[in-house]
1. Working only within region 46-62, note down all residues that are farther than 8 Å from Gly33 by Cα, at pLDDT below 85 and either open to solvent by less than 90 Å² (accessible area, probe 1.4 Å) or of a type in the set (Asp, Glu) (or both).
2. So which residues in region 1-39 are in contact with a Phe, Trp or Tyr (Cβ under 6 Å, 6 or more places away or on another chain) and more than 13 Å from Ala64 (Cα to Cα)?
3. Those residues that are open to solvent by 80 Å² or more (accessible area, probe 1.4 Å) and under 20 Å from Ala61 (Cα atoms), I need them from region 9-42; list them, please.
4. List, please: which pairs have Cβ atoms under 7 Å, are six or more places apart or on different chains, and start with a residue in region 26-37 that is on the phi > 0 side of the Ramachandran plot and end with one that is part of a loop (DSSP other than H, G, I, E, B) and surrounded by 24 or more Cβ atoms within 10 Å (Cβ to Cβ)?
Amino acid sequence: MPREEDPRNPLKRLAKLFDPGTLDLLTPFDESGFVAAQGLIDGTRACAYASDRRSRAARWATRAAKAILVAYEKALADESR
């Protein structure tokens, strides 16, 4: 099954989490398998991250930490507004 069609794909999972049309990537979706995004959940701004566990690179702690840090920093910045 192509990665784009796989229901375990992090982008597909984030798109289901956020309200339709509100997904905005905070980090690129690359070979690392980690991605952070923001959007609305039931009309409330939220940040989230997801990983592609099928990707061997998804175990790279540095890339995972970066995606998580970007999501947290964005959430904190939005909260302080």
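The values are calculated or read from the model by the stated rules, or taken from the named source; none is laboratory data. Small disclaimer: the values here were computed from a predicted structure and weren't measured. Every residue, glycine among them, receives a Cβ derived from its backbone with ideal geometry; neighbour counts consider all protein chains shown. The protein model used for the area step is the full one, side chains on, heavy atoms only, and it has no ligands, DNA or RNA in it. Shrake-Rupley method; radii C 1.70, N 1.55, O 1.52, S 1.80 Å.
1. Within region 46-62, just Ala61 meets the criteria.
2. Hits for region 1-39 are Leu11, Gly39.
3. Answer for region 9-42, where residues must be open to solvent by 80 Å² or more (accessible area, probe 1.4 Å) and under 20 Å from Ala61 (Cα atoms): Pro28, Glu31.
4. Correct list of pairs: empty, since none qualify.
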